[in-house]
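Remarks on the structure that follows.
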Amino acid sequence: MATRPMTELVVGLDGSSASACALRWAASVLPPAGRIHAVHAVGSLGEPDQPGARASRWCAGLAADLTERIEVLPREVVDDVASGLIDVAEEVDAGAIVVGHHPRPRFGPRAVGHVTADLLRRSNRPVVIVPHAWDVGSRPGASIVVGVGVASATRAA
C-alpha cells in the first residue's frame, strides 16, 4: 500500500510545555502548505468563553519561519480530549494525531497519560507522542513514539 505525505496534522493543545513541543514538532515535519489543526478540548461541563481564544494563544509561540510555510488553524471543541482529537482528525482526514508526552502523568505512575492511552486504543490514525523536551534543534535520532495497532495507520506513520 502506497502512503501519501502527511499534509494535515491534528495537534492536541492543553497549555503545557509538552503540547507546545508537539506543536513545534508538527510544524517542523509538515511540507510547505501543510496545515496544523491545533485543537483544545473543553470538557462538556465547561463552556468555551471565546471559541478558539486559548488555542490561538498557545499557537502564538510558533516561529515565524514555520508559520510562513504552513497554516495553523486553532480550534476549540466541547468534548473529552481523546474524542475531540479523533473527531477533528476524521473530519479533516489528518495524517496523524500529535500529542505531547507529560513526563509525570497526573493520575499515577503510567508510561502515558489517560488521554494518550485512549488515543492509542481508539484512533484508527497514527498517534505521534512527542517528548516534553523536544525542540527543533533536537538531535536527529531523538525518539518520537508512534502508536501502532491498526495496520494501515502503522504503515502510514
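The values are calculated or read from the model by the stated rules, or taken from the named source; none is laboratory data. What you are looking at is a predicted structure, and each value in this text was computed from that prediction instead of being measured. Positions of Cβ are backbone-derived with ideal geometry, glycine not excepted, and every protein chain shown enters the neighbour counts. Protein only, heavy atoms only, side chains kept; ligands, DNA and RNA dropped before computing areas. Shrake-Rupley method; radii C 1.70, N 1.55, O 1.52, S 1.80 Å.
Summary table below
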read-out: Some residue of region 147-155 being in contact with a strand residue (DSSP E or B) (Cβ under 8 Å, 6 or more places away or on another chain) and either β-branched (Val, Ile, Thr) or modelled with pLDDT of 80 or more (or both); value: yes
read-out: Yes/no for Ile70 being more than 23 Å from Leu120 (Cα to Cα), open to solvent by less than 20 Å² (accessible area, probe 1.4 Å) and modelled with pLDDT of 85 or more; value: yes
read-out: Number of the condition not met by Ala94 [criteria: (1) open to solvent by less than 20 Å² (accessible area, probe 1.4 Å); (2) touching a helix residue (DSSP H, G or I) at 6+ places or on another chain (Cβ under 8 Å); (3) farther than 21 Å from Trp134 by Cα; (4) modelled with pLDDT under 90]; value: (4)
read-out: Members of region 66-103 that are charged (D, E, K, R) and farther than 12 Å from Arg35 by Cβ; value: Glu68, Glu76, Asp79, Asp80, Asp87, Glu90, Glu91
